[in-house]
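Input: a single structure, listed below in structure tokens.
All of the numbers you see were taken from the coordinates with simple rules; none came from a lab. Keep in mind it's a predicted model, so treat the numbers as computed, not measured. Methodologically, a virtual Cβ is constructed for each residue, glycine included, from the backbone with ideal geometry; neighbour enumeration extends over all protein chains shown.
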């Protein structure tokens, strides 16, 4: 994403954090990074001396945008397709439940080699996921082709001072 | 909360977790506990050997209920009033921003000695908070009296198989 003129070392997730700060400043949305829970086994005062990361029960980001509850993950791939193994079963279940209750869940996918970011809606994800499940073991179902993103997904670009304006076209 | 017939050792937060499981099972809402972030300074393999808890950027619980983005904290007090020092400035700011963007933020307050739970809406909280700020140092402004909860807040009770049906009357 060199086009955006940001430090090359910055990660995709940092780009999203910058965008969230801008969204909040502009009073467009409030979106928070949800950190991975840590199971603490032993403490010495305030210091954790034995613990381990647990599985997150949500996606990486949760927020509210113009009365809409949103939740999403940020995924990056070096490939020219999106491998579905990047998504875990418990994330599918969370997204399904989130949407069922009236929220909007999606995945932001960054294709590093193409310098492009797209928003993959849950309905599109679940379609490919289910097709993959039905065809386990067969070739050609384990990823979503890049052309699908180009043809059917919202491309995410910098806009109005938002580094990655991933809410564009959501409502 | 012995009336509810649950193990006496259970905490208020566990009651809420049970309720959230029931809400999800009944497809009424999806609400997740947000864990306190840990800053990891040193790891050995999967084990965290040096780290500390950081301040949470949200409230303790976030979810979606019938298209409404909700967020709340659970607070327990042994006193017969609710001391406002239980709430931190950054939580007020989060709640304000959450509501501004169309969500609904509140505090669930458990009065242990009275065996009662109430839902304190943000608008009521901010009224008392602002009055406290304006009268810093004077007596009588640092807490919300119990009578306010009785007269102006939704009492939370067990209902329809939900241990603490804290969504009752929210919409």
Compute the semi-axes of the equivalent ellipsoid of the protein assembly as shown, taking the square root of 5 times each eigenvalue of the Cα gyration tensor, and list them largest first in whole Å. 38, 23, 21
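Just the projected area, averaged over all directions, of the convex hull on the alpha carbon atoms of the range A:44-97: how many nm²?
6.9
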Whole-angstrom gap from the range A:111-146 to the range B:113-171, using each part's C-alpha centre: 47
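Per residue of B:30-42, count partner chain C-beta atoms within 10 Å of its C-beta, then hand back the mean as an integer.
On the way: counts 12, 1, 10, 3, 8, 9, 4, 6, 9, 3, 5, 2, 1.
Shielding by partners across B:30-42 averages 6.
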Under a GNM of chain A (C-alpha, springs under 10 Å), which listed residue has the highest mean-square fluctuation: A:21, A:156, A:107? A:21
Would you mind giving the mean number of other chain beta-carbons within 10 Å of the Cβ of each residue in B:44-50, as a whole number? 5
Sorting from shortest, the nanometre distances separating the label point of residue A:161 (7 Å past Cα along the line to Cβ) from those of the same residue in the other copies are 5.1
Counting only C-alpha contacts under 8 Å and six or more residues apart, can you give the relative contact order of chain A as a whole percent? 20
Would you please classify the overall shape of the range B:121-171 from the alpha carbon gyration tensor, given that a ≥ b ≥ c denote the square roots of the eigenvalues, rounded means a/c under 1.5, and beyond that prolate means a/b larger than b/c while oblate covers the rest? prolate
Other-copy label distances relative to residue A:147, 7 angstrom Cα-Cβ extension, nm: 7.4
Cβ-based exposure ranking for A:141, A:106, B:111, in which fewest neighbours within 10 Å come first: A:141, B:111, A:106
Given the options A:80, A:50, A:135, state which has the largest fluctuation in a GNM of chain A using a 10 Å cut-off (strictly under) for Cα springs. A:50
Using a label point 7 angstrom from Cα along Cα-to-C-beta, what distances in nm, from shortest up, separate residue A:135 from the other copies? 6.9
For residues of A:71-77, the mean tally of beta carbons on other chains within 10 Å: 1
Given the convex hull of the Cα atoms of the range B:14-57, what is a quarter of its surface area in nm²? 4.6
Calculated [θ] (222 nm, deg cm²/dmol) that DSSP helices of n ≥ 4 give over the protein assembly as shown, each run adding -39,500 (n - 2.57): -8500 deg cm²/dmol
Could you list B:125, A:170, A:41 in order of exposure, starting from the residue whose Cβ has the fewest other Cβ atoms within 10 Å? A:41, A:170, B:125
For chain B, alpha-carbon Rg and Dmax in angstrom: 17.3, 55
Using Cα-only point scatterers and the Debye equation, what is log10 of I(q)/I(0) for the range B:75-151 at each q in 0.13 Å⁻¹, rounded to two decimals? -0.38
For B:146, B:166, what's the fewest-to-most ordering of other Cβ within 10 Å of each Cβ? B:146, B:166
Roughly how many whole Å is it from the C-alpha centroid of the range A:59-79 to that of the range A:22-42? 11
